[in-house]
Every structure is written in structure tokens, then in C-alpha cells.
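See structure below.
The values are calculated or read from the model by the stated rules, or taken from the named source; none is laboratory data. Remember, predicted model here, so these are calculated numbers, not experimental data. Here Cβ is always computed from backbone atoms with ideal geometry, including for glycine, and neighbour counts include all displayed protein chains. Remember, those area values only see protein heavy atoms, side chains included, never the ligands or the DNA or RNA. Shrake-Rupley method; radii C 1.70, N 1.55, O 1.52, S 1.80 Å.
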Amino acid sequence: IENIFRLLDRYLRDFSSYLFDNNIQLVVIGQVDRLPNGLQELILDIMNRSKKNKQNSRVLCLALSYSGRADIIDACRQLVSQSTNQFIDEKIFSSFISTGKHGIPDPDLIIRTSGEKRLSDFLLWQSAYSELAFVDENWPDYSV
């Protein structure tokens, strides 16, 4: 797994200039605190520096160490910790989900590669009304 983290670190370092040059904001969702410290710092740095790119509404959202179930539980914990008597509806709850915190809309389409016919704990709340497409190609080989 260390090699995967090294690849991600190298990719983020190399790709960050593309993000800045093309006014793309980086958002990372998931349990980033479970990643190695150096990688956490790099992600936070790139996210903070790319925030100024928000006005162009081009966002690259990476899900790292992400779990849809954990996302829902974290949102519930945050709601409970606020302990307000406010009525909680879908809109309010969605604002506590990781994508909602960053203003990222729910996906219209989720393409699942590799022939699997399941969501695999991916964006469980957000995918409630998404169209699902299942294709046999693996991710690196898939093209539109």
C-alpha cells in the first residue's frame, strides 16, 4: 500500500500545476486522516491553494479512503453534536455529507467499470437518484 501512496503523492505533485494553470479546484472527500501525514499535508496544501479557482466552478473531487456508510455516520454525528431542535430534512442532511459541504451536486450518472453490478459503498446517499451504467471494461481501459 505504501507504493500506492507514493504514486498518489507523485501524481498530486505533478498534477497540481495543471489544476492551478486551468483554474480547477481540488476537493478530497473521505477519511483523509487515515492517510500518511505527508500525503495529508500535501492534499490540504493543494486544496487550500486551489480554493481560489472555485469561481470557475470546475472541481476535481477525489474520493480517498472513502466509505459511503462512514460518510452518512459522520454526517449524523455532526448533526447530533450541533444539538439544535431544527427540523432535519434531506436538504439539511445533504449539507452535512462530504460532497454537500463542498457544494458538489449529487451525480446524475455513475459509471461502474469492471463488470461489477454494485455501488461498493460509493456515494450511497448521493446516488439515490443517479442513473447507473455498468460496463465490462476496467477503469484504465475505459473511454467515452
Original post:
Which residues, taken from the stretch 89-121, are over 18 Å from Val59 (Cα atoms) and open to solvent by 90 Å² or more (accessible area, probe 1.4 Å)?
Top reply: Glu90, Lys91, Lys117, Arg118
Subject >> Selected residue [touching a helix residue (DSSP H, G or I) at 6+ places or on another chain (Cβ under 6 Å), without any contact (Cβ under 8 Å) to a residue 40 or more places away in the chain and assigned to a loop (DSSP other than H, G, I, E, B)] from Phe96, Phe87 >> reply: Phe96
Original post:
Any idea which residue in the stretch 22-58 is modelled with the highest pLDDT, counting only those that are polar (S, T, N, Q) and within 16 Å of Thr99 (Cα to Cα)?
Top reply: Gln31
Original post:
Can you name every residue in the stretch 11-36 that is among the small types (Gly, Ala, Ser) and open to solvent by less than 30 Å² (accessible area, probe 1.4 Å)?
Top reply: Ser16
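Between Leu42, Leu35, which is over 15 Å from the mean Cα position of the chain (by Cα) and of a type in the set (A, V, I, L, M, F, W, C)?
Leu42
From the list Leu124, Leu39, Leu62, pick out the single residue that is aliphatic (A, V, I, L, M), more than 22 Å from Ile1 (Cβ to Cβ) and either part of a strand (DSSP E or B) or open to solvent by less than 100 Å² (accessible area, probe 1.4 Å) (or both).
Sole residue among the options that is aliphatic (A, V, I, L, M), more than 22 Å from Ile1 (Cβ to Cβ) and either part of a strand (DSSP E or B) or open to solvent by less than 100 Å² (accessible area, probe 1.4 Å) (or both): Leu124.
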